[in-house]
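What follows draws every value from the coordinates through simple rules; no lab data is involved. Keep in mind that what you see is a predicted model, and the values were worked out from it rather than measured. Reconstructed Cβ throughout: ideal geometry from the backbone, glycine too, with neighbour counts over all protein chains shown.
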Amino acid sequence: MALTRLGLNQSINLASNVTGTLATGNGGTGATSFTAGITMADTWRLTTDFSGAADPISSNLEQNDDASFEDIGTPMSVSSGIFTFPETGKYYITATFQTYNPTSQTSCDIQYTVNNSSYSTGANCRSMVAATSYNAISTSMIFDVTSTTNCKVKFVTGSGGTIMGNSGYNGTHFQFIRIGDT
């Protein structure tokens, strides 16, 4: 790298002349490594419609397989509607539910466990619209996954109508994005 000041042209060899930890902006103490941003992103969807409640939604699930989609990192895995994370970290999770012809209030949850046993509701969405109408409701949460064995999520609906699925596009779908370390 060349440095020109007051007409002087001097070269500084950073590789041989700089040692130790370099200072960072805003009073930092120095950086020794950097994370490459988002290291995991994945989308799953419901492939066919169903009516009524489900705890959890456990069948007709697939990872997004559109030509435009490419997951980042190791994808989520699912067994009997229970989603397992590929690595620890903080995850942003969204759930979008498409509904049709509700006969009562539609309620959908993201539920989580930190002990691989008891589940709590981390996020909820509800809707009540007139019969023979379409609707979409969505909810999200940030989940600190401290153990890939014990921390899991599931998606639950108490719908009185139809939860809509499609294998050609994301109707009812679930997204997982790892946003940082635990």
Taking a ≥ b ≥ c as the square roots of the Cα gyration tensor eigenvalues, with a/c under 1.5 meaning rounded and otherwise prolate when a/b beats b/c or oblate if not, region 38-102 comes out prolate
From fewest to most C-beta neighbours within 10 Å, the residues 65, 49, 144 line up as 65, 144, 49
Residue separation between residue 166 and residue 144 times 0.36 nm, minus their alpha-carbon distance, gives in nm 4.9 nm
Phi angles of region 78-91, converted by Karplus (6.51 cos²θ - 1.76 cosθ + 1.60, θ = phi - 60°) into ³J(HN,Hα) in whole Hz with x for Gly and Pro, give 9, 9, 6, x, 9, 8, 10, 7, x, 7, 5, x, 8, 10
Long-range amide H partners of residue 90, meaning residues 5 or more apart or on another chain whose placed amide H is closer than 5 Å, are 145, 179, 180, 181, 182
As a Kirkwood estimate from alpha-carbon pairs, region 116-182 has a hydrodynamic radius in angstrom of 14.7
What one gets for region 39-180 as the Kirkwood radius, inverse of mean 1/r over different Cα pairs in Å, is 15.1
